[in-house]
1. From the list Ile97, Ile43, Ile78, Ile62, which residue is of a type in the set (A, V, I, L, M) and over 22 Å from Leu31 (Cα atoms)?
2. Looking at the structure I just gave you, is Ala100 in the same structural domain as Ile124 (by TED's automatic domain parsing) and under 22 Å from Phe126 (Cα atoms)?
3. Mind listing whichever residues of the range 57-79 are more than 22 Å from Thr19 (Cβ to Cβ) and in a helix (DSSP H, G or I)?
4. Among the residues of the range 105-127, are any assigned by TED's automatic domain parsing to the domain that holds Ala20 and in contact (Cβ under 8 Å) with a residue 60 or more places away in the chain?
5. Go through the range 27-54 residue by residue and tally those that are under 24 Å from Ile15 (Cα atoms) and charged (D, E, K, R).
6. What's the total number of residues in the range 110-146 that are more than 18 Å from the chain's Cα centre (by Cα) and modelled with pLDDT under 80?
7. Only one residue in Leu9, Leu25, Leu85, Leu18 is within 17 Å of Thr127 (Cβ to Cβ), part of a helix (DSSP H, G or I) and of a type in the set (A, V, I, L, M, F, W, C). Which one?
Amino acid sequence: MGGKRNRVLGRCAGILFLTAAVASLPANQLLSAPRPAWWIHLIDLLGALTGAACLLVPWDRISRRWLHLIPPVAVAEIVLSVSALGQHGDVYQWFFILIAVYVGYAFRKRIEVIFHMGVTGLGIVFTAVHASGWLPHEAQTASAALRLADDRMYAAKRAAREAPFVLDFLTAPGAEERPPTARSPSTSR
């Protein structure tokens, strides 16, 4: 049914899952302040099990449509890893590139590539929003979370307006030739 190409793509996915899981083990040990919780290794185990499953599935005997499960599962596992690691989560965001390479290699129809890259893009956006604190965790309701996020956004804008020397220094013509102003941090010491 699926043929040799499916077998190659399924095994390639299995190798990518296993490699990511094995590479994550020492990387997790190197993280500190705060040190990741012990259960982060369970996420690595999930990736290894997914890789083993991809290697064991008889891809040449099943429909090609089953290959479409691989990228969303990979996105879900990366989002889980990045979100669970909190401030250290950006260490694993480069795994999204592996999904993009796999999708480009595995799928020939543009609509399939667009779909899977869209799912990958949503995963990237979710991890970015989660890491930035745009969605406050201390809010009890969705409307309270939106209010808190709005307040934080406007507070950041006010803080940016109160420090115009940064904008002036970066955008004004000839700024690198001007002496520092009284508002710059270099003269306020």
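The values are calculated or read from the model by the stated rules, or taken from the named source; none is laboratory data. Not measured: the values here are computed from a predicted model. No Cβ is skipped: glycine too gets one built from the backbone with ideal geometry, and neighbour counts run over all protein chains shown.
1. Working: Ile97 fails: over 22 Å from Leu31 (Cα atoms); Ile43 fails: over 22 Å from Leu31 (Cα atoms); Ile78 fails: over 22 Å from Leu31 (Cα atoms).
Testing whether each residue is of a type in the set (A, V, I, L, M) and over 22 Å from Leu31 (Cα atoms) leaves just Ile62.
2. Working: in the same structural domain as Ile124 (by TED's automatic domain parsing): yes; under 22 Å from Phe126 (Cα atoms): yes.
Yes, satisfied.
3. Asp60, Arg61, Arg64, Arg65
4. Residues of the range 105-127 assigned by TED's automatic domain parsing to the domain that holds Ala20: 105-127.
Subset that is in contact (Cβ under 8 Å) with a residue 60 or more places away in the chain: 105-106.
The answer is yes, given that some residue of the range 105-127 is assigned by TED's automatic domain parsing to the domain that holds Ala20 and in contact (Cβ under 8 Å) with a residue 60 or more places away in the chain.
5. Kept after step one, since they are under 24 Å from Ile15 (Cα atoms), are these residues of the range 27-54: 27-30, 39-54.
The next check asks that each one be charged (D, E, K, R); those that pass are 44.
Adding up the residues that qualify gives 1.
6. Of the residues in that region, 11 qualify.
7. Details: Leu9 fails: within 17 Å of Thr127 (Cβ to Cβ); Leu25 fails: within 17 Å of Thr127 (Cβ to Cβ); Leu18 fails: within 17 Å of Thr127 (Cβ to Cβ).
Only one candidate qualifies: Leu85.
Rundown of residues vs (1) surrounded by 20 or more Cβ atoms within 10 Å (Cβ to Cβ); (2) modelled with pLDDT under 95, yes/no style:
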position: Leu49; (1), (2): no, no
position: Leu55; (1), (2): no, no
position: Pro71; (1), (2): yes, no
position: Val75; (1), (2): yes, no
position: Asp90; (1), (2): no, yes
position: Gln93; (1), (2): no, yes
position: Arg108; (1), (2): no, yes
